[in-house]
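Quick note: the coordinates plus some simple rules give every number you see, no bench work behind them. Being a predicted model, the structure only gives us computed values, none of them experimental. Note: ideal-geometry Cβ built from the backbone for every residue, glycine included; neighbour counts use all protein chains shown.
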Amino acid sequence: MIRINLLPAGEEKHLASARVFLIFSAVMLAILLAIIFANSQVLAERERESKERLDEADREIANLKQIIGKINELKEKKVKLQEKINMIIKLQEANIGPVRVLDEVSLKLPSTKIWIEKMGLSGTRMQIDGKTLENQEVANFMKQLESSMFFTKVDLQRVQRNTAVNSVPVLSYNMTGEVVLTGKQATDVAAQPAPAPAPTAVQPAKQP
């Protein structure tokens, strides 16, 4: 079969150029679509990774919140425990009240030759007034008090001749000291100033 090209030569060239342009455009469009698809895949992968990281961060935040909650709970328990400890300490300190102090002082009396007539307690300051038959008994009493875990800074204020009791000459004395509350270490006696030396014993007056 014989084909007869009825198109002018110029138009045939234009048609060939148009075909080439269309083919080139189709190839470029395909490449562009492929690039867009690949880019979308990369973006989707990055979005997935970002989402996983966000989910992991949310899990870590939730774990941290639980840990912080436990820490706060432990802090509250610590505060309550400290309050109980403080209350116990106060109760222990209350045990060294006037009755306990008087009992301890009575136990420290060295003999029946010395006794207590009056005792005062103001805060931790103690004051004792009493009588004795011998001056040495006062010194012994002071040593006994200093050896106790409840007393420190025992200081003799005075010893003087007093009226006779049942015709027996006696001496009156006055001493002060600090009461150490229960639960606290007693003050080191060696670090305290030495007690004032006892006055020279007063010779009892001869009975007629």
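Structure notes:
- Among the listed pairs LYS51/LYS75; LYS131/LYS153; LYS90/LYS153; LYS118/LYS143; LYS65/LYS90, those whose Cα-Cα separation exceeds 27 Å are LYS51/LYS75; LYS65/LYS90.
- Dipole magnitude (debye, nearest 20) for region 98-191, charges at Cβ of Lys, Arg, Asp, Glu: 120
- Taking every C-alpha pair closer than 8 Å and separated by at least 6 residues, the mean separation divided by the residue count of region 98-191 gives a relative contact order of 28 percent.
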